[in-house]
Each structure stands twice: as structure tokens, then as C-alpha cells.
1. Looking at this structure, is residue 122 assigned to a helix (DSSP H, G or I), surrounded by fewer than 19 Cβ atoms within 10 Å (Cβ to Cβ), touching a residue at least 12 places away in the same chain (Cβ under 8 Å) and not basic (Lys, Arg)?
2. Please determine whether any residue of the stretch 139-148 is closer than 24 Å to residue 21 by Cβ and touching a Pro at 6+ places or on another chain (Cβ under 9 Å).
3. Can you spot a residue in the stretch 139-147 that is at pLDDT 90 or above and either in the same structural domain as residue 65 (by TED's automatic domain parsing) or farther than 24 Å from residue 57 by Cα (or both)?
4. State whether the residues of the stretch 71-90 include one that is surrounded by 13 or more Cβ atoms within 10 Å (Cβ to Cβ) and at pLDDT below 90.
5. Look at residue 89 and say whether it is touching a residue at least 40 places away in the same chain (Cβ under 8 Å) and over 21 Å from residue 72 (Cα atoms).
6. crowded, with 19+ Cβ neighbours inside 10 Å, in contact (Cβ under 8 Å) with a residue 40 or more places away in the chain and within 15 Å of the chain's Cα centre (by Cα), is that true of residue 61?
7. The conditions are (1) at pLDDT 70 or above; (2) part of a helix (DSSP H, G or I), and residue 29 fails exactly one of them. Which is it?
8. Can residue 38 be described as of a type in the set (Lys, Arg) and either at pLDDT 70 or above or closer than 25 Å to residue 98 by Cα (or both)?
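The values are calculated or read from the model by the stated rules, or taken from the named source; none is laboratory data. All values reported here derive from a predicted model rather than from experimental measurement. All Cβ positions, even for glycine, are placed from backbone atoms using ideal geometry, and neighbour counts span all protein chains on display.
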Amino acid sequence: MNTKRRAVEVLEMFKADGYTLDDLIELMRQLENLPVAKGSAKKKMSDAEADDMALKKRVTGLLQKLGFLVNHKGYQYVRAALIKGYKDPSLLEHITKGLYPELAKEFNTTPIRVERNMRLAIEAAWNRSQFEILHPYFGHTYNFDRNKPTNSEFIAKIVDKFLTEDGK
């Protein structure tokens, strides 16, 4: 099997497990700096790295379940916002002045574009998703036929649900 075809297969496996190309690039960077042990090129992850990876997989799985399309720019922003909000819930108090600029800097764009793309991704997923999937996260607080949550409400509800489930 040629190298290029094998690389494509590995990339497809990563995508199927909910990882992005950025995750694969980060893994490759980490592997470059590892001393290779006899018979093994595996690195043991630290607890913090394992927790970060588990959180990213959890958020990615939920967003896909809710109907987010990974090709929306807003998907990446929503995912990053949920992860940052989980790690530092105080960011949720000032989304416009704190979280959007932080995401814009991370993704090399503007806060206005971050807000707009998140809003469009949430709206598209909301319209695509079913009541049974949305209800556990949004309960009776929304008229599911008409109203979608704001970006702030969406992020806060999901982060709160995760924090509550984790006993934090």
C-alpha cells in the first residue's frame, strides 16, 4: 500500500472519531518531539491532555448529534466556545467583549465574523435538529417551532449541562 493512500485512510479514521485536521496536525507536532522507544512510537498522554481530548470528543459528538455541519465556519467557533466556556465559565458572562474577541484572535478573524458564523451555524443546526434531541439540553424554555436560542443562550445551556453532569 502506498504512503499517500495510507495517509488518507488514517485521516478518514481520525475524522470518523470526531477529530479535525487541526487535531491530527497537533498530534504530528507532538510526535515529532518524542524520543522513539525501542519497538514503540507511542507517547503516554498526560491527564490534562487526556481530559482535553475527551472534552473535545464529547463536544464534537454533541454538535454532530444536534445537526451541526462540520463545513460551517461557525461549527469550529461554537466548538471552541463550548470548550473554552467549560474550562472557564466566567467567559460566559461577557461573551461579546471576551469570548468573541478571544475566538477571533485564535482563528485569525474578527469578532463580528465569529458572532455571525456562530449564529448561522446554530440556526442551521436548530432548524435541522429534532425536538427529542434538543429537549434534554433546552427543556421547556424554548418554543422549538419558532425560536432558536441566541449564541449566548446556546453556549451557556450546553456548558451548564456539561458542568452539571460532571458535578462542577
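1. On the way: assigned to a helix (DSSP H, G or I): yes; surrounded by fewer than 19 Cβ atoms within 10 Å (Cβ to Cβ): no; touching a residue at least 12 places away in the same chain (Cβ under 8 Å): yes; not basic (Lys, Arg): yes.
So residue 122 fails the test.
2. Of all residues in the stretch 139-148, those closer than 24 Å to residue 21 by Cβ come to none.
No.
3. Filtering the stretch 139-147 for residues at pLDDT 90 or above gives none.
Taking every residue of the stretch 139-147 in turn, none turns out to be at pLDDT 90 or above and either in the same structural domain as residue 65 (by TED's automatic domain parsing) or farther than 24 Å from residue 57 by Cα (or both).
4. yes
5. Details: touching a residue at least 40 places away in the same chain (Cβ under 8 Å): yes; over 21 Å from residue 72 (Cα atoms): yes.
In short, yes.
6. On the way: crowded, with 19+ Cβ neighbours inside 10 Å: no; in contact (Cβ under 8 Å) with a residue 40 or more places away in the chain: yes; within 15 Å of the chain's Cα centre (by Cα): yes.
So residue 61 fails the test.
7. (1)
8. Numbers: of a type in the set (Lys, Arg): yes; either at pLDDT 70 or above or closer than 25 Å to residue 98 by Cα (or both): no.
It is false that residue 38 is of a type in the set (Lys, Arg) and either at pLDDT 70 or above or closer than 25 Å to residue 98 by Cα (or both).
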